[in-house]
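A.B. asks: Below is a structure I'd like to ask you about.
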Amino acid sequence: MEFIKELKNLRFNYEVGKKTWFGSGGNSKLFFSINNRKTLQTLIKFIPNKIPLLVLGSGSNILIRDGGFKGLTIKLGKSFSFINLQKKNMILEIGSAAKDSEVSKFCYENSISGFEFLKGIPGTIGGNIAMNAGCYGSVISDLLLSCQILTKEGKIKELKRDEIKFSYRETSIKKNAIILSAKFFAKKGIKRNIAQKLKEISSNRVLSQPVSSRTGGSTFKNPPNESAWKLIEKINYRGKRFGGALVSKQHTNFMINDSLASSLDIELLGEEIREKVWQKFKINLDWEIKRVGEYKKI
Ligand SMILES: Cc1cc2nc3c(=O)[nH]c(=O)nc-3n(C[C@H](O)[C@H](O)[C@H](O)COP(=O)(O)OP(=O)(O)OC[C@H]3O[C@@H](n4cnc5c(N)ncnc54)[C@H](O)[C@@H]3O)c2cc1C
């Protein structure tokens, strides 16, 4: 019954690219905004394997190509964005659609330390775990106790932290698995210190990143013992333009949709950077941004 009710949230040819931080790219053939776990479980079980799946969080680390995504995009709704603190054992359980900003605010209000860095990341908890996100010396996997996922076969599994391999912006959680929620150990902290850290992170971020631009965060992973932004600086690409895409003048590892950039403009600018960095330093820059979907045939 719930499934039938939720079907009203199924969209065809939905403008998913426009919903990402970059605001570029094409449509998703199918788009389902889901609020109910049972609906999600039923859907996953019955969706044919040949239909590709994409879970969209806040869209802050993803580029949808101009030809769109020829599959089903799932957006988890409000009922997946809970934040519960079990005070008895100090376990924090968070739904995967909860926004980082809300989690850091909740932790501040409850004097829980260690989650301040989330103030600097504009994603969701599900996106954080999928990307093993981190900044200012902290990374989400260091705080994680366990994580609940829904497999492509429709099974809900609780994975303990040591059953998951995490590395720099990578996880061993399968691509088609949907992260539903996660548990963290909540360490008590001093509210005044937490507030100070949050303030520092906010002002650092505004100073160092183009946070009010249409961007996808760090474009490339830092190569071992190197900084991607420094390499890009050294090839003189600060402010470099390709169509409507621009290398941020503020942070050279951020690309911006400056005007009406297509996703191809953004991707080609990125590929040009990779090529130049390779020619000059023989260093391979790996994309951190997830590029999804089809190129548009012109
Ligand atoms: C201004 C700016 C600053 C940023 N700063 C940082 C930073 O300091 N550190 C950092 O690490 N990142 C940073 N990022 C990148 C980004 O915010 C993080 O990678 C974040 O974790 C992505 O979360 P999201 O919800 O937006 O995921 P999306 O961009 O929507 O998706 C990213 C990937 O995660 C997958 N995914 C999302 N939710 C789920 C789920 N529930 N289950 C399974 N897979 C899922 C998607 O399918 C996709 O493959 C920044 C981005 C911006 C725009």
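The values are calculated or read from the model by the stated rules, or taken from the named source; none is laboratory data. Quick caveat: nothing in here was measured; it's all calculated off a predicted structure. We place every Cβ from the backbone using ideal geometry, glycine too, and count neighbours over all the protein chains shown. These area figures cover heavy atoms from the full protein model, side chains too; ligands, DNA and RNA do not enter into them. Shrake-Rupley method; radii C 1.70, N 1.55, O 1.52, S 1.80 Å.
A.B. asks: If you count only protein heavy atoms with a 1.4 Å probe, what accessible area per residue comes out for the stretch 2-78, rounded to a whole Å²? Mind dumping the intermediate values first?
C.D. replies: Working: 3790 Å² over 77 residues.
Using a 1.4 Å probe on heavy atoms only, each residue of the stretch 2-78 averages 49 Å².
A.B. asks: Tell me, in nm to one decimal, what length is gained between Lys155 and Asn236 on full extension, where the rule is 0.36 nm per residue of separation less the Cα-Cα distance? Write down the numbers at each step before the final one.
C.D. replies: Numbers: separation 81, 0.36 × 81 = 29.16 nm, distance 4.97 nm.
Result: 24.2 nm gained on full extension.
A.B. asks: Could you work out how far the C-alpha centroid of the stretch 31-71 sits from that of the stretch 80-157, in angstrom?
C.D. replies: With the stretch 31-71 and the stretch 80-157 each reduced to a Cα centre, they are spaced 21 Å.
A.B. asks: Next question, about the same structure. Treating only the Cα positions of the stretch 81-206 as identical point scatterers, give the base-10 log of I(q)/I(0) from the Debye formula at each q in 0.18 Å⁻¹.
C.D. replies: So the normalised log intensities work out to -0.92.
A.B. asks: Now, a different point. How are the C-alpha pair distances of the chain spread across 10 Å bins, as whole percents from the shortest bin up?
C.D. replies: 6, 26, 33, 25, 9, 1, 0
A.B. asks: Something else about it: Over the stretch 49-123, what is the relative contact order in whole percent, taking alpha-carbon pairs under 8 Å and six or more residues apart?
C.D. replies: On the way: 89 pairs, mean separation 19.7, N = 75.
Once normalised by length, the contact order is 26 percent.
A.B. asks: Provide the per-residue ³J(HN,Hα) series for the stretch 200-209, in order, calculated from phi with Karplus coefficients 6.51, -1.76, 1.60 and θ = phi - 60°, each as a whole number of Hz, with x at glycine and proline positions.
C.D. replies: 4, 4, 4, 6, 4, 5, 4, 6, 9, 10
A.B. asks: Just to check, using Stokes-Einstein with a Kirkwood Rh over alpha carbon pairs, what's the diffusion coefficient of the stretch 210-292 at 10 °C and 1.306 mPa s in µm²/s?
C.D. replies: Details: Rh = 12.4 Å.
In µm²/s, the coefficient is 128.
A.B. asks: In addition: Where does the charge balance sit around Glu109 when Lys and Arg score +1, Asp and Glu -1, over other residues with C-beta under 14 Å from its C-beta?
C.D. replies: On the way: positive: Lys87, Lys105, Lys119, Lys188, Lys191, Arg192; negative: Glu102, Glu116.
Its environment carries a net charge of +4.
A.B. asks: Could you compute the net charge surrounding Leu30? Neighbours are other residues with a C-beta less than 10 Å from the C-beta of Leu30; K and R count +1, D and E count -1.
C.D. replies: Values: positive: Arg11, Lys29, Lys70; negative: none.
The answer is +3.
A.B. asks: So what J values fall out for the stretch 166-180 if you push phi through Karplus, 6.51 cos²θ - 1.76 cosθ + 1.60 with θ = phi - 60°, rounded to Hz, Gly and Pro as x?
C.D. replies: Going residue by residue, I get 10, 9, 4, 6, 9, 9, 8, 4, 4, 4, 8, 7, 9, 7, 9 Hz, with x marking Gly and Pro.
A.B. asks: Can you give me the long-range amide H partners of Leu145? Hydrogens built in the peptide plane at 1.01 Å from N, cutoff under 5 Å, separation of 5 or more residues or another chain.
C.D. replies: Lys183, Phe184, Phe185
A.B. asks: What pairs from Lys50/Lys175; Lys119/Lys199; Lys119/Lys230; Lys18/Lys70; Lys5/Lys38 go past 20 Å between their alpha carbons?
C.D. replies: Values: Lys50/Lys175 14 Å; Lys119/Lys199 9 Å; Lys119/Lys230 24 Å; Lys18/Lys70 16 Å; Lys5/Lys38 12 Å.
In this structure, Lys119/Lys230 lie more than 20 Å apart at Cα.
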